Amino acid sequence: MKLKVVGLDPSLTHTGIAIGEYDTDTGGFAVKELRLVVTENEKGKLVRQNSDDLRRARMVSEGIRLACEGALFAVSEIPSGAQSERAALAFGMVIGILANLSVPLIQVTPSEVKMAAVGHRQASKEEMIAWAVRKHPLANWMVHPRSGASYRKGDLMNANEHLADGVAVVEAGIRTDQFKNALAMLTFQARAA
């Protein structure tokens, strides 16, 4: 049986989303689509900060909602450890969005995510991207459309870090007891039907 699962790397500025299928027979996750929701602050346009925050939160919420349509589960890190008042506000908005998901949410920690991906807790963004691209080479990774000063046409973009994290959260999530228990219940229900 194949189940739609969505991995989320949520933030107010760059939300990485990995949409894929978990195969109950093999225990593997296959990426079907990667999405990046990018919101930018509209400073200088005479927009109140709180109105702009609301607009950006709606964009993130809508992107996540659309990705979760038809999914059985979503998996996400829950933001924590803000270093500023502004970051704490953004974390709070993202947590509110996650709290209102229409599908069950499996929570993972940053350490679980990095361990599931590259096997150590201090994994760099570059290591996470390299792991995810190696594991899912046919996914729609973001590449530069033309050459620039420090990159060539076709090179991976740095923004892939958010997409790679979206993939890695699923890998961490399917290892949790919460996922295994939910899967056991689904299997039991399927047999009983």
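The values are calculated or read from the model by the stated rules, or taken from the named source; none is laboratory data. Keep in mind that this is a model prediction, so the values were computed, not measured. Please note: Cβ atoms are built from the backbone with ideal geometry, for glycine as well, and neighbour counts cover all protein chains shown.
Can you tell me which residue within region 37-64, out of those that are touching a helix residue (DSSP H, G or I) at 6+ places or on another chain (Cβ under 9 Å) and under 20 Å from I106 (Cα atoms), is surrounded by the fewest Cβ atoms within 10 Å (Cβ to Cβ)?
My answer is S61.
Anything in region 12-38 that is over 13 Å from A67 (Cα atoms) and touching a strand residue (DSSP E or B) at 6+ places or on another chain (Cβ under 8 Å)? List them, or say none.
Correct list: T13, H14, Y22, D23, T24, G28, F29, A30, V38.
The rows are residues; the columns are (1) among the basic types (K, R); (2) under 18 Å from H14 (Cβ atoms); (3) surrounded by fewer than 20 Cβ atoms within 10 Å (Cβ to Cβ); (4) at pLDDT 95 or above.
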| site | (1), (2), (3), (4) |
| --- | --- |
| V113 | no, yes, no, yes |
| L138 | no, no, yes, yes |
| W141 | no, yes, yes, yes |
| R152 | yes, no, yes, no |
| L163 | no, yes, no, yes |
| G166 | no, yes, no, yes |
| N181 | no, no, yes, no |
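If you go through region 136-152 one residue at a time, do you hit one that is closer than 23 Å to A82 by Cβ and within 14 Å of the chain's Cα centre (by Cα)?
Checked region 136-152: no residue is closer than 23 Å to A82 by Cβ and within 14 Å of the chain's Cα centre (by Cα).
Could you tell me whether region 102-122 includes any residue that is farther than 30 Å from M185 by Cβ and touching a His at 6+ places or on another chain (Cβ under 9 Å)?
no
Residues to consider are E171, E127; find the one that is under 19 Å from T15 (Cβ atoms) and surrounded by 12 or more Cβ atoms within 10 Å (Cβ to Cβ). If you could, list the steps in order and put the result at the bottom.
Numbers: E127 fails: under 19 Å from T15 (Cβ atoms).
Going through E171, E127 in turn, just one is under 19 Å from T15 (Cβ atoms) and surrounded by 12 or more Cβ atoms within 10 Å (Cβ to Cβ): E171.
Can you find a residue in region 75-82 that is at pLDDT below 95, closer than 30 Å to L138 by Cα, surrounded by 13 or more Cβ atoms within 10 Å (Cβ to Cβ) and of a type outside the set (V, I, T)? Before you say what the answer is, go through the steps one by one.
Residues of region 75-82 at pLDDT below 95: 77-82.
Retained after the next criterion (residues that are closer than 30 Å to L138 by Cα): 77-79.
From what is left, the residues that are surrounded by 13 or more Cβ atoms within 10 Å (Cβ to Cβ) are 77-79.
From the residues that got through so far, the ones that are of a type outside the set (V, I, T) too are 77, 79.
Yes, region 75-82 has at least one match.
Pairs, please: C-beta under 7 Å, at least 6 apart or cross-chain, first residue farther than 16 Å from G173 by Cβ and in region 12-27, second in a loop (DSSP other than H, G, I, E, B)?
Qualifying pairs under 7 Å: L12/T39; T13/T39; H14/A159.
Pick from region 47-63 the residues that are among the small types (G, A, S) and under 12 Å from P10 (Cβ atoms): which of them is nearest to the chain's Cα centre (by Cα)?
The residue in question is G63.
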